[in-house]
Amino acid sequence: MAILPIIEAPNPFLRTLSKPLDKVTDETRALIANMFETMYAAPGIGLAAIQVGHPIRLLVIDLQEDVAENGEGEGDAPPARIKKPQVFINPEIILASEEVGVYNEGCLSVPEQYADVERPARVRVRWLDERGATHEEELGGLLATCLQHEMDHLEGILFIDHLSRMKRDMLLKKLSKLRKAA
Ligand code: NI
């Protein structure tokens, strides 16, 4: 496995429209393994293939939520986090709720910048997993938000595109300042 370089805004490659994957191969599964390793190392909770240079309709998510029973952690130890890697290939939103949710989003391609984004609170989604099996489920909460954010990447859309031009320019300016300082 390998940690892959993440493409960052305003690189125009991130605007590429990702193509459907017609076959899940060993090569796809190797890319998926590398995407998880890259995402965990970043660290992040979602990553689309386009962000690591592959314009295909594939994304990985792991919310790594706290273990409920061990929420406090032992002594100084941070709360344990459960790993639940999820792979979405050719995901399609079949139905989106009218009810919306707001979440303070970030993106590994727009490092250290965050902003509130409003999206449908629940979505019914169909997708293929890494073995090529079809799934259809209604998702809510952070998973619904994260999935919609990652699915935007497949269309060449970033979370900052949901903001006003003023707010978007401000975040991009902060990002370029951050790079100069580094
Ligand atoms: Ni993102």
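All conditions but one from (1) open to solvent by less than 40 Å² (accessible area, probe 1.4 Å); (2) closer than 29 Å to Val24 by Cβ; (3) in a strand (DSSP E or B) apply to Leu143; the one that does not is (3).
Scanning the range 35-47 for residues that are of a type outside the set (D, E, K, R) and either away from the ligand (no atom under 14 Å from the Cβ) or closer than 21 Å to Lys19 by Cβ (or both) yields Met35, Phe36, Thr38, Tyr40, Ala41, Gly46, Leu47. Every condition in (1) over 15 Å from the mean Cα position of the chain (by Cα); (2) within 16 Å of the ligand (Cβ to nearest atom); (3) assigned to a helix (DSSP H, G or I) is met by Ile50 except one, and the failing one is (1). Across the range 23-47, the number of residues qualifying as of a type in the set (A, V, I, L, M), within 13 Å of the chain's Cα centre (by Cα) and not in a helix (DSSP H, G or I) comes to 3. Could you please tell me which pairs satisfy a Cβ distance under 8 Å, a separation of 6+ or placement on different chains, a first residue in the range 116-138 that is closer than 19 Å to Val60 by Cβ, and a second residue that is surrounded by fewer than 14 Cβ atoms within 10 Å (Cβ to Cβ) and basic (Lys, Arg)? From the range 116-138, the pairs are Glu130/Arg29; Gly132/Lys23. Among the residues of this structure, Val67 counts as one that is surrounded by 11 or more Cβ atoms within 10 Å (Cβ to Cβ), modelled with pLDDT under 95 and more than 15 Å from the chain's Cα centre (by Cα). Could you tell me whether any residue of the range 156-164 is more than 16 Å from the ligand (Cβ to nearest atom), part of a helix (DSSP H, G or I) and either in contact with a Phe, Trp or Tyr (Cβ under 8 Å, 6 or more places away or on another chain) or open to solvent by 50 Å² or more (accessible area, probe 1.4 Å) (or both)? There is no residue in the range 156-164 that is more than 16 Å from the ligand (Cβ to nearest atom), part of a helix (DSSP H, G or I) and either in contact with a Phe, Trp or Tyr (Cβ under 8 Å, 6 or more places away or on another chain) or open to solvent by 50 Å² or more (accessible area, probe 1.4 Å) (or both). Taking the stated definitions as given, is Arg131 more than 14 Å from the ligand (Cβ to nearest atom), open to solvent by 20 Å² or more (accessible area, probe 1.4 Å) and assigned to a strand (DSSP E or B)? Taking the combined requirement at face value, the residue does not satisfy it. I'd like the residue in the range 94-121 that is buried (at least 16 other Cβ atoms within 10 Å of the Cβ) and more than 16 Å from the ligand (Cβ to nearest atom) and, out of all such residues, is farthest from Val24 (Cα to Cα). Result: Gly101.
The values are calculated or read from the model by the stated rules, or taken from the named source; none is laboratory data. Model, not experiment: these values are computed from the prediction. Positions of Cβ are generated from backbone atoms using ideal geometry, with glycine treated the same way; all protein chains shown enter the neighbour counts. Surface areas here come from the heavy atoms of the whole protein model, side chains and all, with no ligands, DNA or RNA. Shrake-Rupley method; radii C 1.70, N 1.55, O 1.52, S 1.80 Å.
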